[in-house]
Amino acid sequence: MTTRATAAPSGAVRPAAHPARRPGGLPAAHAGDDPRWEILAGRSRTLHSMWTNTVFVERLGDTHALGPFTWSPDLGLGWLQARSTSHARLDHDVGLVALGARLYVWRGAFVSGQVALALGRTDALSSAGQFVSSIGWQGGHWVVLLRHVSDGETHKPNHGETMLLVGVGF
């Protein structure tokens with residue numbers, strides 16, 4: 001990339017502006033586009049290796065500087081499919097409404113934390129209040145993340161759900 005110099009009204013020469021960059025020197029494409037929708041799908045695992053399908057839609061807000069990092073508010077809506085089993089009480093769909101923040105730490109890598117309201121109960125997610133923690137990577141239109149949802153053992157049983165999600169952002 002070349003930079004052009006422009007003449008200031010006083011006759012002094014000043015360099016052209018840099019392309020849009022986030023704090024920490026990361027280009028905008030690596031730190032999160034303002035604002036952004038994501039559609040994510042994957043598989044979730046709980047007690048006794050019982051797997052199920054899951055889908056999330058995330059709405060990320062404008063990014064804000066936080067020292068050398070950036071962060072975005074994160075609103076998520078999720079769904080976990082019921083499992084066909086009599087082994088544990090996992091035979092109900094569960095919806096989630098979550099609100100928190102995503103912290104971009106390095107070249108598209110991020111961590112996020114949210115508090116969530118669970119709509120439906122199972123042995124994996126047995127209380128209304130849940131915590132959602134994620135670690136992932138976002139590059140261009142692609143997102144991949146590892147997510148865990150649990151109430152932090154404030155209500156028993158609560159085995160939690162751990163999922164691998166991939167998706168697209170726009």
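In this structure, does LEU103 turn out to be of a type outside the set (Val, Ile, Thr), in a strand (DSSP E or B) and open to solvent by 20 Å² or more (accessible area, probe 1.4 Å)? Give the steps one after another, and end with the answer.
Details: of a type outside the set (Val, Ile, Thr): yes; in a strand (DSSP E or B): yes; open to solvent by 20 Å² or more (accessible area, probe 1.4 Å): yes.
So LEU103 fits the description; yes.
Does at least one position in segment 109-128 carry a residue that is open to solvent by 10 Å² or more (accessible area, probe 1.4 Å), in a strand (DSSP E or B) and among the aromatic types (Phe, Trp, Tyr)?
Checking segment 109-128: not a single residue is open to solvent by 10 Å² or more (accessible area, probe 1.4 Å), in a strand (DSSP E or B) and among the aromatic types (Phe, Trp, Tyr).
Hey, among GLY160, GLY136, GLY140, which residue is at pLDDT 95 or above and out of contact with any Pro (no Cβ under 9 Å at 6 or more places or on another chain)? Lay out the reasoning, then the answer.
Working: GLY160 fails: at pLDDT 95 or above; GLY140 fails: at pLDDT 95 or above.
Checking each option against the conditions leaves just GLY136.
Scan segment 129-150 residue by residue and report those that are more than 14 Å from the chain's Cα centre (by Cα) and either assigned to a strand (DSSP E or B) or β-branched (Val, Ile, Thr) (or both).
Taking segment 129-150 and keeping what is more than 14 Å from the chain's Cα centre (by Cα), we get 129-130, 140, 150.
Across segment 129-150, the qualifying residues are GLY129, GLN130, SER150.
Which condition does GLU153 not pass, out of (1) open to solvent by less than 90 Å² (accessible area, probe 1.4 Å); (2) outside any strand (DSSP E or B), if it passes all the others?
Looking at each condition in turn, GLU153 falls short on (1).
Return the residue satisfying two criteria in turn: it lies in segment 70-81 and is open to solvent by 30 Å² or more (accessible area, probe 1.4 Å) and out of contact with any Phe, Trp or Tyr (no Cβ under 9 Å at 6 or more places or on another chain), and of such residues it is farthest from ALA124 (Cα to Cα). Let's see the steps before the verdict.
First, pick out the residues of segment 70-81 that are open to solvent by 30 Å² or more (accessible area, probe 1.4 Å): 71, 73, 75, 77, 79, 81.
Subset that is out of contact with any Phe, Trp or Tyr (no Cβ under 9 Å at 6 or more places or on another chain): 73, 75, 81.
On the way: PRO73: 26, LEU75: 22, GLN81: 12 Å.
Going through the qualifying residues, I end up with PRO73.
Does any residue in segment 47-69 that is open to solvent by 60 Å² or more (accessible area, probe 1.4 Å) come within less than 8 Å, Cβ to Cβ, of a residue that is in a strand (DSSP E or B) and polar (S, T, N, Q) six or more places away or on a different chain, and which pairs are these?
TRP51/SER44; ASN53/SER44; ASP62/SER72; HIS64/THR70; HIS64/SER72
Can you name every residue in segment 156-167 that is within 18 Å of the chain's Cα centre (by Cα) and either open to solvent by 60 Å² or more (accessible area, probe 1.4 Å) or within 22 Å of ASP91 (Cβ to Cβ) (or both)?
Selection gives GLY160, GLU161, THR162, MET163, LEU164, VAL166.
Output the residues belonging to segment 81-133 that are modelled with pLDDT of 90 or more, among the basic types (Lys, Arg) and out of contact with any strand residue (DSSP E or B) (no Cβ under 7 Å at 6 or more places or on another chain).
ARG107
The values are calculated or read from the model by the stated rules, or taken from the named source; none is laboratory data. These numbers come from a predicted model, not from an experiment. Virtual Cβ from ideal backbone geometry, glycine too; neighbours counted across all protein chains shown. Accessible surface areas use protein heavy atoms only, side chains included; no ligands, DNA or RNA. Shrake-Rupley method; radii C 1.70, N 1.55, O 1.52, S 1.80 Å.
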